[in-house]
Amino acid sequence: MTILIIYILIFIAAFYLVKIVSSMRAVKDDFTSLKTVTFGDESAVSPNRAASIISVIAIFAIWAAFTGSKYIPVHVPGPFIGELSFEYTAMNALGQTDDAEVTVTVYDVQSGDIPDKLEVDPGSGFALNDTAQIITYRSGLVKVQKNDVGGKEKGYKVIAINGQEISPSTELFIDNARIYMTAKGTLSVKPEQGWQMQPVWLPAPEAVGSRLLKVYNEGFKNFTLFEHLGWSLLRVVVGFVAGAIVGIPLGYAMGLSGWFRGWFDPIVEFMRPVPPLALIPLVIIWFGIGEQGKIILLFLASLWIMTISARAGVSGVKISKIHAAYSLGASKWQIMRLVIVPNSLPEIFTGARVSMGVCWGTVVAAELVAAQKGAGMMIINASKFQMTDLVIMGIVLIGVIGYAIDILMRISENYLVPWKGK
């Protein structure tokens with residue numbers, strides 16, 4: 001919730017800052033600046049590049065700040081590291097009380113520097129000074145009775161911490177730590193965690209970068225990084241192309257023929273909302289765990305989207321254009337080739353972008369089963385061993401490649417379908 005609030009505040013601040021800076025710049029007196037923007041007019045709305053840049057920087061800065069990254073100088077409060085101490089008051093079986101001090105060393109196991117156990121003067125009396133070691137983000141049991149004289153006798157108990165009374169199943173707070181007494185009277189010490197994320201939950205950007213370099217140089221599971229990404233991309237492309245080859249003609253047939261529409265519409269509309277993940281068990285039973293099953297799953301993920309987009313493209317052709325072509329003496333084949341296909345291509349390209357995105361997202365699920373190479377295989381394998389840096393690395397690579405594919409498809413659409421929106 002804290003991260004979300006910070007992100008919203010950055011969004012609001014950036015919006016007004018860019019707006020103020022833009023208003024201070026000289027306005028160009030050209031056609032674009034004079035164009036009247038109507039609310040809801042998509043053609044008048046273009047991405048604000050400053051907003052895009054600030055958005056990426058903000059996400060990276062929040063990530064770095066909440067993981068203690070060395071890439072930025074400002075961080076949110078991190079976990080307590082160092083020594084803390086508290087004094088406890090114990091009562092023995094005879095009802096006598098005595099005070100002793102516990103010194104706790106809190107260290108970061110990720111740094112690899114494990115401190116030696118402290119040696120302290122035990123002091124006099126039956127309550128003896130003690131030491132303990134606790135790893136950051138964790139709590140530790142401090143069994144003071146184990147060190148005290150008569151601590152194992154019946155009736156022995158700790159009754160106060162730093163002068164504050166404590167009893168079983170209660171807690172109190174000292175500087176840099178929380179102390180909880182269990183039902184059996186043992187002290188559980190939990191040092192302050194701060195706001196930074198644990199590396200096992202979210203590693204710092206440099207940890208992800210180091211993992212990327214390591215996998216790039218050494219590979220992963222006997223395959224190079226490019227082989228993993230290449231196999232995932234190959235599966236996606238084959239599944240998408242197969243879905244397009246079947247789906248586009250089927251969509252045209254459904255858009256042009258009432259019989260085809262009536263026959264296939266129940267099947268298409270039934271399968272369209274079924275997520276590809278739900279089909280994995282059936283695909284394994286029918287096609288096994290090899291490459292064939294993975295391609296079939298991606299084919300099914302693409303098929304219904306391409307069918308619906310092609311059908312929508314045909315249905316969206318204006319009837320006035322068809323009547324005009326007939327009046328000029330065009331044949332059905334000419335109408336199909338010169339009117340229906342060009343007018344339906346924008347809708348098909350939109351469906352292709354959506355389909356490619358769904359296939360690229362489904363490849364991780366497709367590689368869940370017995371895959372020896374692939375980006376999804378890396379993520380799944382790393383998650384079993386809590387290698388969060390490798391998981392995030394795989395997610396980032398999948399996102400970057402998916403975004404690059406979408407950009408290429410947009411460029412192809414602008415080049416192949418220049419009449420879109422005209």
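The values are calculated or read from the model by the stated rules, or taken from the named source; none is laboratory data. Predicted model, so just to flag it, every value in this text is computed and none were measured. Please note: Cβ atoms are built from the backbone with ideal geometry, for glycine as well, and neighbour counts cover all protein chains shown. The accessibility values were calculated without ligands, DNA or RNA, using every heavy atom of the protein model including side chains. Shrake-Rupley method; radii C 1.70, N 1.55, O 1.52, S 1.80 Å.
Applying 0.36 nm per residue to the separation of Ile395 and Val417 and subtracting their alpha-carbon distance, the gain on full extension is 4.7 nm. Cα centroid separation, region 86-126 to region 350-408: 50 Å. The modelled label-to-label distance for the pair Phe60/Lys154, using points 7 Å beyond Cα in the direction of Cβ, is 6.7 nm.
Counting only protein heavy atoms and using a 1.4 Å probe, what share of the accessible area of region 168-227 belongs to carbon plus sulfur, as a whole percent? Ligands and nucleic acids excluded, carbon and sulfur reach 54 percent. Accessible area per residue for region 97-224 is 60 Å², calculated with a 1.4 Å probe on protein heavy atoms, without ligands, DNA or RNA.
Applying 0.36 nm per residue to the separation of Gln372 and Trp201 and subtracting their alpha-carbon distance, the gain on full extension is 59.0 nm. The angle between the Cα long axis of helix 49-65 and the longest principal axis of the Cα atoms of the chain comes to about 30 degrees, rounded to the nearest 10.
Averaged per residue, region 254-412 has 52 square angstrom of accessible surface, using a 1.4 angstrom probe with ligands and nucleic acids left out.
FRET efficiency for the Ile114 to Ile53 pair, using the beta carbon distance and R₀ = 56 Å, is estimated at 0.85.
Semi-axes of the equivalent ellipsoid of region 294-386 are 43, 10, 8 Å, computed as sqrt(5λ) over the eigenvalues of the C-alpha gyration tensor in descending order. Note on Phe173 and Ser327: their simple-model spin labels are 8.0 nm apart, each label 7 Å out from Cα toward Cβ. Helices in the chain, meaning DSSP H runs of at least 4 residues, each add -39500 (n - 2.57). Divided by all residues, the mean residue ellipticity at 222 nm is -17000 deg cm²/dmol.
The calculated FRET efficiency for the pair Ser85 and Leu9, based on their C-beta separation and a Förster distance of 35 Å, comes to about 0.40. Where the accessible area of region 235-365 is counted over protein heavy atoms with a 1.4 Å probe, how much of it, in %, is carbon and sulfur? On region 235-365, the fraction of accessible area on carbon and sulfur atoms equals 73 percent.
Structure note, pairs Lys143/Lys384; Lys117/Lys143; Lys214/Lys384; Lys117/Lys146; Lys221/Lys294; Lys117/Lys154: Cα-Cα distances above 22 angstrom occur for Lys143/Lys384; Lys117/Lys154. Gain on full extension, evaluated as 0.36 nm per residue between Gln133 and Asp121 minus their Cα-Cα distance, stands at 2.6 nm. Placing a label point 7 Å from the Cα of Ser210 along the Cα-to-Cβ direction, the residues of region 68-83 whose backbone N falls under 15 Å of that point are 68-71.
Here the calculated FRET efficiency for Ser257 and Ile72, from their Cβ-Cβ distance with R0 = 56 Å, stands at 0.40, rounded to the nearest 0.05. When the solvent-accessible area of region 47-160 is split by element, carbon and sulfur atoms take up 53 percent of it, the probe being 1.4 Å. Of all the options Arg337, Arg410, Arg311, the one that moves most in a Gaussian network model of the chain with Cα springs shorter than 10 angstrom is Arg337.
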